[in-house]
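The values are calculated or read from the model by the stated rules, or taken from the named source; none is laboratory data. If you're wondering where the values come from, they're calculated on a predicted model, not measured in any experiment. Backbone-built Cβ (ideal geometry, glycine too); neighbour counts: all protein chains shown.
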Amino acid sequence: MKIRDIACLAAFALAACGQSEAPKQDETAPTEPPSLMAQAQALSPEQQPVFAWQQLTAYQQAHPEAQPLCASIRRVDAIGYIPEDVAPDSIYAAYIGNLVFTVQCGAQLTTVRDDPREHWLVAFAPGATDAAVVPCANAQGRSECTRTPARATPAAP
């Protein structure tokens, strides 16, 4: 072997020193926050309705046009996961696969009836970081949010 070849090998050996490991990724890099659905699922069943009401409150604070404001809660219904066979004309049809709650706002008095304008649907979609919030009241002033979503009628054979 010639001296020039030995010098080249030595240069390559020195250049390769300390490069056996790939550079490490920053382990303190911020991770993506969990979706709201994942956050709701992580809560106890008793806390999930409270979480839904909190999301309604946050939505109304960010969207002042969403009226009337929910000043007090009458009840929160856990509708559950909307199935694929939900009736296509149902308010729930747009939320297939979502975890859904309805929040009825208003005074907690037995002498006061529920006001459909104060009834809200709160839906948590898989992977979404924002809740979908829509009023339950239709143009006629009736609530379209039932406690059990209507299922599609199976086609006749």
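Just for segment 51-70: of the residues that are aliphatic (A, V, I, L, M), touching a helix residue (DSSP H, G or I) at 6+ places or on another chain (Cβ under 8 Å) and surrounded by fewer than 18 Cβ atoms within 10 Å (Cβ to Cβ), which one is nearest to ASN98 (Cα to Cα)? Going through the qualifying residues, I end up with ALA66.
If you go through segment 116-144 and pick out every residue that is buried (at least 19 other Cβ atoms within 10 Å of the Cβ) and part of a strand (DSSP E or B), you end up with 8. Entry remark, segment 100-115: residues being under 24 Å from the mean Cα position of the chain (by Cα) and either closer than 18 Å to GLN67 by Cβ or exposed (fewer than 13 other Cβ atoms within 10 Å of the Cβ) (or both) number 4 in total. Within the option set ILE6, ILE73, ILE79, being at pLDDT below 95, surrounded by 10 or more Cβ atoms within 10 Å (Cβ to Cβ) and within 27 Å of ALA150 (Cα to Cα) holds for one residue only, ILE73.
Listed by first and then second residue, the pairs linking a residue in segment 73-97 that is assigned to a loop (DSSP other than H, G, I, E, B) to a residue that is loosely packed, with under 14 Cβ neighbours inside 10 Å and acidic (Asp, Glu), with Cβ atoms under 8 Å apart and 6 or more places separating them unless they lie on different chains, are ILE96/GLU84; GLY97/GLU84. For segment 133-148, the criterion of being of a type in the set (Asp, Glu), free of Cβ contacts under 8 Å to residues at least 12 places away in the same chain and farther than 20 Å from GLN39 by Cβ is met by none of the residues. Every condition in (1) within 20 Å of LEU56 (Cα to Cα); (2) within 21 Å of the chain's Cα centre (by Cα); (3) not in a strand (DSSP E or B) is met by THR148 except one, and the failing one is (1). Counting just the residues of segment 136-157 that are touching a helix residue (DSSP H, G or I) at 6+ places or on another chain (Cβ under 7 Å) and of a type outside the set (Ser, Thr, Tyr), which one comes out modelled with the lowest pLDDT? For segment 136-157, the residue satisfying everything is GLY141.
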